[in-house]
Amino acid sequence: MADTLHAGSVRIGSADRTLVAEKLVAHYQAGRLPRGELELRLTKVAHAHSDDDLHLLTIDLPDVPRTRTPRSWPPRCRPQELTGSIPLRVAFDVAVLLLTFAAGVCLALLLIVAATGTRPTPTT
């Protein structure tokens, strides 16, 4: 198998090829590359084996800042939307407080019963 790597080259993967292809498309969209040259360079990107091969395809182009993909955040609640849920939230908090108190009382009673039931019987 003929290896096209030179001394000092690093073998590349599909993520590296994708990154360079995205840069080339950005240069095409900016008007720096004609369509025919873009297609030629993209073909060479697909057949590149080392980082040197990719570097030669972008050496005559300026660096382009990476575009961020917009994140989709959930819509924020407006204060007028929250006013309807405040009584429901208070009722939930009260129910949780009462259940916690009841669980504490049950635990205390259980400990008292367990402590009284384990007394040793006196032997005569």
Taking 0.36 nm per residue of separation and subtracting the Cα-Cα distance, what length does fully extending residue 52 through residue 94 add? 8.4 nm
Between residue 101 and residue 113, 0.36 nm times their residue separation minus their Cα-Cα distance comes to what? 2.5 nm
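Bear in mind that the values in this text are calculations on the coordinates, not laboratory data. Keep in mind that what you see is a predicted model, and the values were worked out from it rather than measured.
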